[in-house]
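Some notes on the structure that comes next.
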Amino acid sequence: RDGFISEKDLEDMWASLGIILDDKFCAEMVKVSPGQINFTAFLNFMGEKLAETDPEDVLHYAFACFDVQNNGFINQQQFTNDFTQLGDRFSKEEINQMYDVAPMKGDSVDRKRFIKLIKYVGDFEEEA
C-alpha cells in the first residue's frame, strides 16, 4: 500500500473482476505510463480508454439489430447465437463473462442498461 499501482496490482484487479490476462497485457499498461501509476494517473488512463469507445448513439444503433422485437431487450439465446456465430466470434468463456455483468430481465439483456455498462463502465439506472 504505497499509493502506486504496480503491474501485480493490475493483474490482481483484473483477476478480481474474473478476467485472467497474460503478463504482456498488464506490462503494456504499465509501460504506457510516463512514471509510476498513482490512482489519479490510473483514472486518467482508464478515462482515455473509455473515450475511445464508440459514441452512445452508435452503440444504440449497433445493438438495435439484436433487439428483433424492438422492445429494449435482447433474447439471451439469440444474443449468444449471434455472438458465437457472427463476426469476431466470442468463446464460451467470453459469453459467460458477458452474462456475469450484463443487466438481465428474465432471459433477456436490457439493451439500454447494457450500453450504459459498456460506455460508462457502470449501470446507473434502477431496474423498473
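For segment 44-56, indicate whether the set of residues that are of a type in the set (Gly, Ala, Ser) and modelled with pLDDT under 90 is non-empty. Looking for residues that are of a type in the set (Gly, Ala, Ser) and modelled with pLDDT under 90, one finds at least one in segment 44-56, hence yes. Scanning segment 105-117 for residues that are open to solvent by 50 Å² or more (accessible area, probe 1.4 Å) and without any contact (Cβ under 8 Å) to a residue 40 or more places away in the chain yields 105, 106, 107. Taking each residue of segment 75-96 that is farther than 25 Å from residue 20 by Cβ and looking for partners that are open to solvent by less than 50 Å² (accessible area, probe 1.4 Å) with beta-carbon atoms closer than 6 Å, six or more apart or interchain, yields 75/108.
Restricting attention to segment 93-128, report how many residues are at pLDDT 85 or above and in a loop (DSSP other than H, G, I, E, B). Here the count works out to 4.
With respect to (1) modelled with pLDDT of 85 or more; (2) out of contact with any Ser or Thr (no Cβ under 6 Å at 6 or more places or on another chain), the lone exception for residue 90 is condition (2).
Matching residues to (1) surrounded by 10 or more Cβ atoms within 10 Å (Cβ to Cβ); (2) in contact with a Leu (Cβ under 9 Å, 6 or more places away or on another chain); (3) in a helix (DSSP H, G or I); (4) among the small types (Gly, Ala, Ser):
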site: 2; (1), (2), (3), (4): no, no, no, no
site: 29; (1), (2), (3), (4): yes, yes, yes, no
site: 33; (1), (2), (3), (4): yes, no, no, yes
site: 58; (1), (2), (3), (4): yes, no, yes, no
site: 79; (1), (2), (3), (4): yes, no, yes, no
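Screening residue 69 with (1) open to solvent by less than 90 Å² (accessible area, probe 1.4 Å); (2) closer than 30 Å to residue 106 by Cα; (3) polar (S, T, N, Q) gives one miss only, at (1). The single residue among 10, 17, 59 that is at pLDDT 80 or above and closer than 28 Å to residue 107 by Cβ turns out to be 59.
The values are calculated or read from the model by the stated rules, or taken from the named source; none is laboratory data. In this text, all values refer to a predicted model and were calculated from it rather than measured experimentally. In this analysis, Cβ positions are derived from the backbone assuming ideal geometry, glycine residues included, and neighbour counts consider all displayed protein chains. Surface accessibility is based on the protein's heavy atoms, side chains included, excluding ligands, DNA and RNA. Shrake-Rupley method; radii C 1.70, N 1.55, O 1.52, S 1.80 Å.
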